[in-house]
Amino acid sequence: MHQSTDTRPQPRSASRSGPLAGEITVPGDKSISHRALLFGALATGVTKITGLLEAEDVLNTAKAVEHMGARVYEEGGTWSVTGCGVGGLSAPDAPLDFGNSGTGVRLMMGALAGHDFKAELIGDASLSRRPMGRVLNPLMQMGLEVMPQGADRLPLTIRGATAPLPMRYELPVPSAQVKSAVLLAGLHAPGVTTVVEREPTRDHTERMLRYFGAQIDVTTAGDATEISIVGEAELTGKPVDVPADPSSAAFLVAAAVITEGSDVTIKNVLLNPTRTGFYKTLQDMGADVIFENERSAGGEPVGDIRARSSRLKGVEVPASRAPSMIDEYPVLACVAAFATGTTTMLGLAELKVKESDRLAATSAGLTANGISNAIEGDTLKVHGSRDERPAGGGIVETHMDHRIAMAFLTLGLGSQAPVTVDDTRVIATSFPSFVDLMEGLGANLSATPANAGTKNPTSDNKGPGA
Ligand code: S3P
């Protein structure tokens, strides 16, 4: 398994590009890839996975389940996981390293809540800054022990219970990771575990656990959705064909929309409605973005996305849409710089606890490139102008956040002067082929920083993550 070993920052610049054109695919969905490996490890029999995202975050989940007894191997692009059955993992003989991945570690905490052994969980500097209490609190109520007591950040050690207590849990934050962790703990519990969510978050865990044979009931009353799992379940390995990741496709779609004369089609993309808020927002802005060839594959809606360059107008993005586009705000903010008028994005509190404080990092990156913007509480406002392209010319601090790096490289394809991102190594966590695919469509991306040595306009404007 390839992991990047280079310890030096790798800056890159993006400059104004001609029409982008082509029909391509992007790598597999990250959320579904993590789940296929983890649920495969908890199932009996073999789970064969095609289209798995072969990126650092997902490969760390593969390594973690291997350390606990699952067999994982790849042949000709198909990954096979021979699982251990629910509750059948064995104690790891070394710390489990999740690198940059919140999804990997938080879902694993839920799965390990049903295993009575100690596991030390570690991650990189970004992951070690992120809150884990949101997952550990409900899991502790179900019987998980956390060492040191009260720990909310990695590194930490957990010890699960053979039979965690079933529980009813109302999500205090709209998070699919928290929902998934509680449901995974509930898989092992004697009784029914229910998660209540007020805002729908991505539902891949529910769909895939049901597909693997768990009894999952979903009911909606008013604004509350209740997801129940019957515990002491048995999972059976099944084939999983992972569709392309809409969160990765978002950068290419954005690039097509902001560069003149572009026409790009991305094939076989996951179009689950809990993930398509970004595309809906682009359409609201007047973007020529359409879904074609919509169909169902492996229990998930998929289709092709065609994006052409468009004249855009600023819109208000309601807070209720945030969970369905939570990873796309940095790139939406960059697109908004090309729209006429102000784009107002409401309800962004969760952005502050991603791989970086994405609210601050996005705002700082925009400012560095001469784009007027403001953070007001949990709201981000971007003041755009289609007639006068964003200035660009800035150096953007990535803060170990892959989506900040890709969003601002996308910005540079349409801005007047090149945009430089200080370090692109972290892109390998989710989208290792990003640069190659962009260049294949006609994007100008250079490993030699265009504006190295020039003063960064935001050097006085460091976000909290700085
Ligand atoms: C994910 C859930 C989201 C998202 C992350 C992937 C998942 O995080 O940001 O990239 O696969 O469940 P939250 O659950 O913290 O919102």
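Rounded, prolate or oblate, given the Cα gyration tensor of segment 220-367, with a/c below 1.5 counting as rounded? Oblate, because a/c is 1.5 or more while a/b does not exceed b/c. The overall shape of segment 1-100 is oblate: from the C-alpha gyration tensor, with semi-axes ordered a ≥ b ≥ c, the ratio a/c is 1.5 or greater and a/b is no larger than b/c. Couplings 3J(HN,Hα) for segment 341-355, derived from phi with the Karplus relation 6.51 cos²θ - 1.76 cosθ + 1.60 (θ = phi - 60°), are x, 9, 9, 10, 10, 9, x, 9, 3, 5, 5, 6, 10, 8, 4 Hz, where x marks Gly and Pro. Counting only protein heavy atoms and a 1.4 Å probe, the chain has 35 square angstrom of accessible area per residue. For segment 8-16, 3J(HN,Hα) computed residue by residue from phi via the Karplus equation (6.51, -1.76, 1.60; θ = phi - 60°) reads 8, x, 10, x, 7, 10, 10, 10, 2 Hz, glycine and proline entered as x. Give the lysines whose C-alpha is closer than 30 Å to that of Lys267, dropping any in the same chain fewer than 8 places away, or say none. Answer for Lys267, where 30 Å is the Cα cut-off: Lys30, Lys48, Lys63, Lys179, Lys238, Lys280, Lys313, Lys354, listed by chain and number.
Put simply, the amide H of Tyr169, placed in the peptide plane, has neighbours under 5 Å in Thr194, Val195, Val196, leaving out anything fewer than 5 places away on its chain.
Close amide-amide hydrogen proximity is noted between Val46 and Gly237, each under 5 Å apart and 5 or more residues distant or on a separate chain (H modeled in the peptide plane; Pro and chain starts excluded). Database remark: amide H of Asp241 closer than 5 angstrom to the amide H of Thr50 (H placed geometrically; neighbours at sequence offset of 5 or more, or on other chains; Pro and chain starts carry no H).
When the Cα atoms of the chain are aligned to their principal axes, the ranges along those axes come out at 62, 47, 45 Å in descending order. Among DSSP bridges having both ends in the chain, what percentage is antiparallel? Round to the nearest 5. The answer is about 75 percent antiparallel. Residue-wise HN-Hα couplings along segment 266-275, as the Karplus relation 6.51 cos²θ - 1.76 cosθ + 1.60 with θ = phi - 60° gives them from phi, are 10, 8, 6, 8, 4, 10, 4, x, 6, 10 Hz; Gly and Pro carry x. Positive-end ranking of Thr259, Met345, Thr50 along the dipole of the chain, with charges on Cβ about the Cα centre, is headed by Met345. The alpha carbon centroids of segment 178-221 and segment 268-291 are separated by 26 Å.
Ignoring any ligand, DNA or RNA, what whole percent of the accessible area of the chain comes from carbon and sulfur when the probe is 1.4 angstrom?
Carbon and sulfur atoms account for 49 percent of the accessible area of the chain.
The Cα atoms of segment 77-202 give a gyration tensor whose axes a ≥ b ≥ c have a/c under 1.5, which makes the shape rounded.
The values are calculated or read from the model by the stated rules, or taken from the named source; none is laboratory data. Since the structure is predicted, the reported quantities are computational estimates derived from the model, not experimental observations. Cβ atoms come from the backbone with ideal geometry, glycine included; neighbour counts cover every protein chain shown. Remember, those area values only see protein heavy atoms, side chains included, never the ligands or the DNA or RNA. Shrake-Rupley method; radii C 1.70, N 1.55, O 1.52, S 1.80 Å.
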